[in-house]
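Novice: Attaching a single structure in structure tokens format; questions to follow.
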């Protein structure tokens, strides 16, 4: 019989899955797991017999770190092997104030097919379990120490795996788990309207980011096929609903593509979309991906676009690009099956 992975299980699920009669043991094991203890022999408040039983029947984690890459700017990327042989990637970002953010994946691959994203070329293999999501966070903490934030912005579309994400968040934010404040958690979607309403109505109340990229419906449909079933007017209504329902300002994200979505007309459309709703705008100069037919914007393009939005009274940030030497920057994640040694 396969051993049971315990990361991602609640204390009750731990005792139930292992048929342990003493309910308090589940809470003890749970606390050890989120104290980064992966060896049952080190769980010293458990009896010797229980530790031996756990060794026989269970494992703490189901995945393993296959590769660690480090950028000179402090970015760390992990390639993680799942128990079915698939690979995912997760990234640690450190900002100028030394705040550490885990950028975690929620799917192996992605079905959304955004034209400017490496992950979008892979197709979808499957959703990740709550345990596989949490393990990324734990591995990154073991590389870099305690993390301040988590963003569901890695491989995959979070709204298509809300159940797994909800369970991961409930465990990470638990007092006996990682005790991470939900104010430090962000979910980034390419614009799944149904998911935005679901998250607003059913929680958890976390920060929401929407990858808009352009407010030109024709261009958006070309580069973001999600536009076909999630048109801009309805998406705007959903964003407004989320901000009002939760009291949290929503972030609009835009990957800036050379001569694609950086014109004065593009800026005007984005201004019209954002005006009147509680949002800030996060602009991300596109990170190069050799196999995709786009170019990086030049600094003048970026500055002019920022100026146009700021002149209209919008709150705008031009993101500093990090992790590019290790293909760990936004849009560059893309490994689910390859072995690094074979590249």
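The values are calculated or read from the model by the stated rules, or taken from the named source; none is laboratory data. All values derive from a computational prediction rather than experimental measurement. Positions of Cβ are generated from backbone atoms using ideal geometry, with glycine treated the same way; all protein chains shown enter the neighbour counts.
Novice: Name the single residue, out of those in segment 1-10 being at pLDDT 95 or above and either more than 25 Å from the chain's Cα centre (by Cα) or surrounded by fewer than 21 Cβ atoms within 10 Å (Cβ to Cβ) (or both), that is farthest from residue 172 (Cα to Cα). Steps first, please.
Specialist: Narrowing segment 1-10 to residues at pLDDT 95 or above: 3-10.
In the following step, the residues that additionally are either more than 25 Å from the chain's Cα centre (by Cα) or surrounded by fewer than 21 Cβ atoms within 10 Å (Cβ to Cβ) (or both) were identified as 3-5, 10.
On the way: 3: 23, 4: 20, 5: 17, 10: 11 Å.
Filtering segment 1-10 for residues that are at pLDDT 95 or above and either more than 25 Å from the chain's Cα centre (by Cα) or surrounded by fewer than 21 Cβ atoms within 10 Å (Cβ to Cβ) (or both), the one farthest from residue 172 (Cα to Cα) comes out as 3.
Novice: Which ones in segment 302-318 are in contact (Cβ under 8 Å) with a residue 40 or more places away in the chain and either touching a strand residue (DSSP E or B) at 6+ places or on another chain (Cβ under 7 Å) or not assigned by TED's automatic domain parsing to the domain that holds residue 188 (or both)? Even if it seems obvious, please write down each step before you answer.
Specialist: First, pick out the residues of segment 302-318 that are in contact (Cβ under 8 Å) with a residue 40 or more places away in the chain: 302, 304-305, 308-309, 312, 314.
Within segment 302-318, 302, 305, 309, 314 qualify.
Novice: Also, quick follow-up: Please go through segment 139-163 and give me each residue that is over 21 Å from residue 196 (Cα atoms) and either in contact with a helix residue (DSSP H, G or I) (Cβ under 7 Å, 6 or more places away or on another chain) or surrounded by fewer than 22 Cβ atoms within 10 Å (Cβ to Cβ) (or both), ordered by number.
Specialist: The first filter runs over segment 139-163 and keeps only residues over 21 Å from residue 196 (Cα atoms), leaving 139-148.
If the condition is that a residue be over 21 Å from residue 196 (Cα atoms) and either in contact with a helix residue (DSSP H, G or I) (Cβ under 7 Å, 6 or more places away or on another chain) or surrounded by fewer than 22 Cβ atoms within 10 Å (Cβ to Cβ) (or both), then 141, 142, 143, 144, 145, 146, 147, 148 are the ones that fit.
Novice: Another question, if that's okay. Counting only residues that are in contact (Cβ under 8 Å) with a residue 60 or more places away in the chain and either in a helix (DSSP H, G or I) or in contact with a strand residue (DSSP E or B) (Cβ under 7 Å, 6 or more places away or on another chain) (or both), which one in segment 173-202 is farthest from residue 119 (Cα to Cα)?
Specialist: Of everything passing the filter in segment 173-202, 186 is farthest from residue 119 (Cα to Cα).
Novice: Which residue is nearest to residue 156 (Cα to Cα), if the candidates are limited to segment 207-217 and must be touching a helix residue (DSSP H, G or I) at 6+ places or on another chain (Cβ under 8 Å) and surrounded by fewer than 22 Cβ atoms within 10 Å (Cβ to Cβ)? Quick ask: steps written out before the conclusion?
Specialist: To start, the set of residues in segment 207-217 that are touching a helix residue (DSSP H, G or I) at 6+ places or on another chain (Cβ under 8 Å) comprises 207-208, 210, 212-217.
If we keep only those that are surrounded by fewer than 22 Cβ atoms within 10 Å (Cβ to Cβ) too, we end up with 207, 216-217.
Working: 207: 18, 216: 24, 217: 23 Å.
If we take residues in segment 207-217 being touching a helix residue (DSSP H, G or I) at 6+ places or on another chain (Cβ under 8 Å) and surrounded by fewer than 22 Cβ atoms within 10 Å (Cβ to Cβ), then 207 is nearest to residue 156 (Cα to Cα).
Novice: Looking only at segment 94-134, which residues are over 23 Å from residue 211 (Cα atoms), crowded, with 18+ Cβ neighbours inside 10 Å and more than 13 Å from the chain's Cα centre (by Cα)?
Specialist: Result: 129, 131.
Novice: Considering 50, 124, 69, 46, which residue is farther than 27 Å from residue 11 by Cα and at pLDDT 95 or above?
Specialist: On the way: 50 fails: farther than 27 Å from residue 11 by Cα; 69 fails: at pLDDT 95 or above; 46 fails: farther than 27 Å from residue 11 by Cα.
On inspection, the qualifying residue turns out to be 124.
Novice: For segment 149-180, give me the residue count where each residue is more than 18 Å from residue 135 (Cβ to Cβ) and modelled with pLDDT of 95 or more.
Specialist: Going through segment 149-180, the residues more than 18 Å from residue 135 (Cβ to Cβ) turn out to be 157, 159-160, 162, 175.
This time we only want the ones that are modelled with pLDDT of 95 or more, so: 157, 159-160, 162.
Within segment 149-180, residues that are more than 18 Å from residue 135 (Cβ to Cβ) and modelled with pLDDT of 95 or more number 4.
Novice: Residues 82, 86: which one is more than 21 Å from residue 177 (Cα to Cα), in contact (Cβ under 8 Å) with a residue 40 or more places away in the chain, in the same structural domain as residue 164 (by TED's automatic domain parsing) and surrounded by 20 or more Cβ atoms within 10 Å (Cβ to Cβ)? Outline the logic, then answer.
Specialist: On the way: 86 fails: surrounded by 20 or more Cβ atoms within 10 Å (Cβ to Cβ).
Testing whether each residue is more than 21 Å from residue 177 (Cα to Cα), in contact (Cβ under 8 Å) with a residue 40 or more places away in the chain, in the same structural domain as residue 164 (by TED's automatic domain parsing) and surrounded by 20 or more Cβ atoms within 10 Å (Cβ to Cβ) leaves just 82.
Novice: Determine if segment 211-222 includes at least one residue that is farther than 18 Å from residue 117 by Cβ and free of Cβ contacts under 8 Å to residues at least 12 places away in the same chain.
Specialist: Scanning segment 211-222 turns up at least one residue that is farther than 18 Å from residue 117 by Cβ and free of Cβ contacts under 8 Å to residues at least 12 places away in the same chain.
Novice: So, in segment 139-156, of the ones that are in contact (Cβ under 8 Å) with a residue 60 or more places away in the chain and closer than 20 Å to residue 206 by Cα, which residue ends up farthest from the chain's Cα centre (by Cα)?
Specialist: So the first thing to find is which residues in segment 139-156 are in contact (Cβ under 8 Å) with a residue 60 or more places away in the chain, and the list is 139-144, 153-155.
Those still in the list that are closer than 20 Å to residue 206 by Cα too: 153-155.
On the way: 153: 3, 154: 4, 155: 7 Å.
Of everything passing the filter in segment 139-156, 155 is farthest from the chain's Cα centre (by Cα).
Novice: Residue by residue through segment 237-262, note down the ones that are assigned to a loop (DSSP other than H, G, I, E, B) and surrounded by fewer than 21 Cβ atoms within 10 Å (Cβ to Cβ).
Specialist: Those that are assigned to a loop (DSSP other than H, G, I, E, B) and surrounded by fewer than 21 Cβ atoms within 10 Å (Cβ to Cβ): 247, 248, 249, 258, 259.
Novice: In segment 17-48, which residues are touching a helix residue (DSSP H, G or I) at 6+ places or on another chain (Cβ under 8 Å) and outside any loop (DSSP other than H, G, I, E, B)?
Specialist: If the condition is that a residue be touching a helix residue (DSSP H, G or I) at 6+ places or on another chain (Cβ under 8 Å) and outside any loop (DSSP other than H, G, I, E, B), then 18, 25, 26, 27, 29, 30, 32, 40, 41, 42 are the ones that fit.
Novice: Given the condition under 26 Å from residue 165 (Cα atoms), within 28 Å of the chain's Cα centre (by Cα) and exposed (fewer than 13 other Cβ atoms within 10 Å of the Cβ), answer yes or no: does some residue in segment 43-61 qualify?
Specialist: No, segment 43-61 has no match at all.
Novice: Do you know which residues across segment 281-294 are outside any loop (DSSP other than H, G, I, E, B), free of Cβ contacts under 8 Å to residues at least 60 places away in the same chain and out of contact with any helix residue (DSSP H, G or I) (no Cβ under 9 Å at 6 or more places or on another chain)? Lay out the reasoning, then the answer.
Specialist: Taking segment 281-294 first, the residues outside any loop (DSSP other than H, G, I, E, B) are 281-285.
Still in the running and free of Cβ contacts under 8 Å to residues at least 60 places away in the same chain: 281, 283-285.
If the condition is that a residue be outside any loop (DSSP other than H, G, I, E, B), free of Cβ contacts under 8 Å to residues at least 60 places away in the same chain and out of contact with any helix residue (DSSP H, G or I) (no Cβ under 9 Å at 6 or more places or on another chain), then 284 is the only one that fits.
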